[in-house]
Amino acid sequence: MIKKGLYALIALMLILIVVCVAAYYYFVRAPLPTLDGELQVKGMHAPVKVFRDRWGVPHIVAANEHDLFMAQGFVQAQDRLWQMETNRRVAAGRLSEAIGEKTLELDRLMRTLGVMRAAEMEVASYDAETLAVLQAFSDGVNAFLELKGGSLPLEFRLLGIDPEPWRPADSIAWAKMMALNGGRNWQEEMVRAMLVQKLGADRAGRLLDLNRPDNPSIIPEGVDLDALLPRGNPLQTAFAVPSGGASNNWTVHGSRTATGFPLLANDMHLAVGIPCIWYEMHLTGGKYDVAGLTLPGVPLVMAGHNRDIAWGITFGYTDCQDLYLEKLDPDQKDRYLYKGSWLDMVRIREPIRVKGLEDPVILDIRQTRHGVILSPFLPEDDPGGYALAFKWSGHESGDMVKVLKALNLAENWVQFKGAARQWTEPAVNLVYADKQGNIGYALGSRVPLRAGGHGRGPFEGWTGENEWVGYLAPDQKPAILNPPSGFAVTANNRVVGPDYPHYLSQDYMFGFRAARIAEVLLENPKMSTADMGKLQGDLKCLEADRFLAALEGFRGKGAGASDLLGRLKSWDRVLSPDSTGGAVYVVLFYRLLENTFRDEMGPLADRFFGRGFVPIGPLNLFVEHSRLILTELLHDPASVWFDDVNTPGREDLDDQLEKSLAETSAFLESTLGHDRSKWRWGALHQTRIEHALGKVKPLDRIFNLGPYEAGGHFSTVWQSAVMPGMDFNLNGWTASNRHIYDLEDWDRSLAAIVPGQSGMLGSPHYADQMEMWLRVGHHPLYFSREKVESEAEHVLTLNP
């Protein structure tokens, strides 16, 4: 009997092993892409070679442009199909079909914003040549779907869904989504308007340094602005793609490099997750020979280099969004007032299918002459009132595919500048370098022209005084060739000075990162690619210089406060993970923010500190504006802002510093322990690289990476954003890529994305760049045919 029982146990164990192995193969190994050999691909006109290097970067060599873009779609789908599916569902407001009611509010928001409607309208406006690029790309994705059949990535199996055929509008929808993400200053407009309501126009104006005759229109008394915003918690769903971010790029003239040729660096700061928002590719075919970063689901290269030029991008923060307060007809809520007349709103009916519900949820969208109504819909018996309308340049058709084609093919400054000036969305700063030794900068953006001369809303929609009257002519957009400094730097800082005759924006990042980059470039007159890479990981905090200068005369009353001050004053201002002074600085700064403003602002302080309004915008730029405002207030220790209105006495800066130091000490002791020598910024500031499905346990153990200790903060070159509050983990944006282009020899160019090229669980390239990213490393980005072929680890031929 014992022997039989033992045999049964062994048999059961073998069965379990076989089942586990079979499940692993079926769910993980079988969906992995074919990387070697030959595949028959319907629609190809001639064989296409796909060389993949050790980092999984595909170098596509095609005989013609149709096959090139078809292969691009095919190869992107091999590595990123689930990401492409998620992206188009987010943009179209169709997540709930796959996820269920958890994503319904996000779908409502995205349907209201109309990203897919705008994409379909734009595609309909394209000429045949432009549409051919999109169609070839779509055909490539669909050819991959046909070949794979039911052997789809694990995420499709877990959710029980199949992808629909890819359409050109799906590509443009994600490009539009990135535009929406990079140009969402309507949130900052709302924060300003709320501050005016809370504090009064004069006091808010002085606080914001906007006390000028052309201040925003004063919102009528009694309007509850918060109630007019879309419903939903900004952190409610893992599938909300966070908007905004920040980036660095700079280009250095050969007179200031070790080789005598220009160098160009670009690192874009966005929310990081699995997979990376970027996908590295090299496209060769027809007139094209271009390498760099692509967006999964979108053809061509967004930032990179061709044979003759290199370019990099950062968000330009042009004000291309406005909010209009619409006055509603008390008798018919579908009518609104405009210049003395009641106009009918346009109504758009959107059925949203929801997994688990038999009938679709019907969304009625209203639209005025200014844009879609963001506000929650009023009940039938509501007597009327106000609503917020959203106007955005991205709702109009643009020429982004045509512009990208021109950039990918540009051979010189004139062609590059011409393409950059036709760029529509998102607003970007483009830096440039070419093989002839030139460097430059150009703003790529549609710049709305307003009747009132500025975009500092929200505006009273019924007056007609702040209408858009067109866009700035391309030849009037800022651009410069070979600046006298020998370099051009952008870090989301102000584009032009006060002498520029046109309004661009009021919401930029302050120039701490740009100043630090310029400082390093000036210190080193012969920059190398290694120097450029080191600068991309720089953690020196110039903001801290201002903050600590204001504390110079402060001594502190207790031993604990004196100890913290001593650690701060001996700190080297470098926010490295092992920095004790850095941990004290970041916590103290936030406590001082709270103690300075919370007593008078109440819940509005969350918005003032940078918390966003909607799932796709969890941070607004007041996350940095408020820090700069506090830094300026430190020069006035007796400012009324330092008085706590909830106490009978009159507090000043010293009182708030004393309180904030005590709170900092208590927090660090409770979080990191009583041994102050072991306090480290990296212990507070950690990052987890998460997959959307990894938000659900136990899938987090399958999909997610980390935690990893990180350095930096908002004002460091390697930027790492945190949410307002006492959670100091890296849960905002940070460097999603790091690229350096060597104009002497393209094969010496360097690249990195986080965490890797593949979104496929089980792929060797799922996270093989993670450690590289943490140590600010790079991999080679080969370009010459000789190097591409000699360094290839896989070669796949796509045959007709």
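The values are calculated or read from the model by the stated rules, or taken from the named source; none is laboratory data. All values reported here derive from a predicted model rather than from experimental measurement. No Cβ is skipped: glycine too gets one built from the backbone with ideal geometry, and neighbour counts run over all protein chains shown. Please note that ligands, DNA and RNA were not included when accessible areas were found on the heavy atoms of the full protein model with its side chains. Shrake-Rupley method; radii C 1.70, N 1.55, O 1.52, S 1.80 Å.
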* Asked: For the range 433-455, does any single residue satisfy the condition of being surrounded by fewer than 19 Cβ atoms within 10 Å (Cβ to Cβ) and touching a strand residue (DSSP E or B) at 6+ places or on another chain (Cβ under 7 Å)?
  -> yes
* Does the range 558-575 contain any residue that is surrounded by 19 or more Cβ atoms within 10 Å (Cβ to Cβ), part of a helix (DSSP H, G or I) and at pLDDT 95 or above? -> no
* Asked: Which one of these does D399 not meet: (1) at pLDDT 95 or above; (2) surrounded by fewer than 23 Cβ atoms within 10 Å (Cβ to Cβ)?
  -> (1)
* Asked: If the Cβ limit is 8 Å and pairs must be 6+ apart or interchain, which residue in the range 488-517 that is within 22 Å of G453 (Cα to Cα) and small (G, A, S) pairs with which residue that is at pLDDT below 90 and part of a helix (DSSP H, G or I)?
  -> none
* Test F622 against the criterion of being touching a residue at least 40 places away in the same chain (Cβ under 8 Å) and more than 22 Å from F510 (Cα to Cα), and give yes or no. => no
* Which residues, taken from the range 687-727, are crowded, with 19+ Cβ neighbours inside 10 Å and hydrophobic (A, V, I, L, M, F, W, C)? -> I689, A692, L693, F703, L705, A710, F714, V717, W718, A721, V722, M723
* Asked: Given the conditions (1) over 26 Å from L145 (Cβ atoms); (2) part of a strand (DSSP E or B); (3) open to solvent by less than 10 Å² (accessible area, probe 1.4 Å), which single one is not true for D289?
  -> (3)
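Matching residues to (1) buried (at least 16 other Cβ atoms within 10 Å of the Cβ); (2) touching a Leu at 6+ places or on another chain (Cβ under 7 Å); (3) modelled with pLDDT under 95:
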site	(1), (2), (3)
F642	yes, yes, no
L668	yes, no, no
H685	yes, yes, no
I740	yes, yes, no
D747	no, no, no
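Yes/no per residue for (1) over 25 Å from the mean Cα position of the chain (by Cα); (2) of a type outside the set (V, I, T); (3) over 22 Å from W278 (Cβ atoms):
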residue: Q40; (1), (2), (3): yes, yes, yes
residue: G56; (1), (2), (3): no, yes, no
residue: I60; (1), (2), (3): yes, no, no
residue: M70; (1), (2), (3): yes, yes, no
residue: S96; (1), (2), (3): no, yes, yes
residue: L106; (1), (2), (3): no, yes, yes
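Do we have M194 as more than 30 Å from A124 (Cα to Cα) and touching a helix residue (DSSP H, G or I) at 6+ places or on another chain (Cβ under 8 Å) here?
Numbers: more than 30 Å from A124 (Cα to Cα): yes; touching a helix residue (DSSP H, G or I) at 6+ places or on another chain (Cβ under 8 Å): yes.
So M194 passes the test.
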* Asked: In the range 773-800, how many residues are surrounded by 14 or more Cβ atoms within 10 Å (Cβ to Cβ) and part of a helix (DSSP H, G or I)?
  -> 5
* Of the residues that sit in the range 255-277 and are outside any strand (DSSP E or B) and open to solvent by less than 10 Å² (accessible area, probe 1.4 Å), which one is farthest from D531 (Cα to Cα)? -> C276
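Considering R546, R573, which residue is in contact (Cβ under 8 Å) with a residue 24 or more places away in the chain and in contact with an Asp or Glu (Cβ under 8 Å, 6 or more places away or on another chain)?
Among R546, R573, only R573 is in contact (Cβ under 8 Å) with a residue 24 or more places away in the chain and in contact with an Asp or Glu (Cβ under 8 Å, 6 or more places away or on another chain).
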* Considering only the range 480-539, state which residues are out of contact with any His (no Cβ under 9 Å at 6 or more places or on another chain), assigned to a loop (DSSP other than H, G, I, E, B) and among the acidic types (D, E). => D499, D538
* Going by the structure shown, is R650 out of contact with any Leu (no Cβ under 6 Å at 6 or more places or on another chain), surrounded by fewer than 18 Cβ atoms within 10 Å (Cβ to Cβ), part of a helix (DSSP H, G or I) and free of Cβ contacts under 8 Å to residues at least 40 places away in the same chain? -> no
